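Read-outs throughout are calculated quantities, based only on the coordinates presented, and are distinct from any laboratory measurement. Because the structure is a prediction, the values reported are computed rather than measured. Here the Cβ positions follow ideal geometry from the backbone for every residue, glycine too, while neighbour counts run over all protein chains shown.
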């Protein structure tokens, strides 16, 4: 982990990532807004966690992968995956970011470019894939296998030995019963309760049984 960071993203999740980096004592050189296309510049000076938002992704050319690590602060799973692949191709390291206010039990494994936010609780032998967000206060119980580029929203509670497929989204406050499988690319709506396996690409709202 290098002492200076570049953050890809300038929205709400970028503020979470920025605050976590500051909490860890990592300096932030700049934030980049992927929404600015074609060499777009920031018209009004903006800072996040005390660091400037300097423009679109073209501005990355001014920086060296040898000096900076890159952190992806994008809420959309597919966009996060695409940016991760581009950054790795460009030679950037993309470390996992784990807030010191989270709780990790023995045997937890966290993939690169993932973000474990303040108050998250990962129980024994949980596996988190690359580029996944475990948001504020989420609970993941023992031996769960959370795939790559998943987003577990704030307050989610996932019981033991659950598998969540790549690219899935589990909305705020949702509950998933033990031993189940959520197929890749699925969307579990906020506050939903999942009581049986969810096929790939399924959208769940309410009680799923």
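The table for this structure:
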read-out: C-alpha long axis of helix 77-89 to longest principal axis of the chain, angle in °; value: 50 degrees
read-out: Fluctuation leader among 47, 94, 132 - the chain, Gaussian network, Cα springs under 10 angstrom; value: 47
read-out: Candidates 167, 55, 12: whichever shows maximal mean-square fluctuation once the chain is modelled as a Gaussian network with Cα springs under 10 Å; value: 12
read-out: Least to most buried among 64, 192, 154 (fewest other Cβ within 10 Å first); value: 64, 154, 192
read-out: Percent of beta bridges antiparallel (DSSP, the chain, rounded to nearest 5); value: 5 percent
read-out: Difference of contour (0.36 nm per residue) and Cα-Cα distance, residue 4 to residue 88; value: 28.5 nm
read-out: Sorted by Cβ neighbour density within 10 Å, fewest at the top, the residues 26, 133; value: 26, 133
read-out: Taking 202, 136, 89 and counting other C-beta atoms within 10 Å, the order from fewest to most; value: 89, 202, 136
read-out: Point-to-point label distance, residue 58-residue 125, nm (Cα→Cβ direction, 7 Å offset); value: 5.2 nm
read-out: GNM top mover of 32, 149, 63 - the chain, alpha-carbon springs below 10 Å; value: 63
read-out: Shape box of the chain [Cα atoms, principal axes, largest first, Å]; value: 51, 35, 28
read-out: Helix axis angle, 12-23 relative to the chain longest principal axis, alpha carbon, degrees; value: 80 degrees
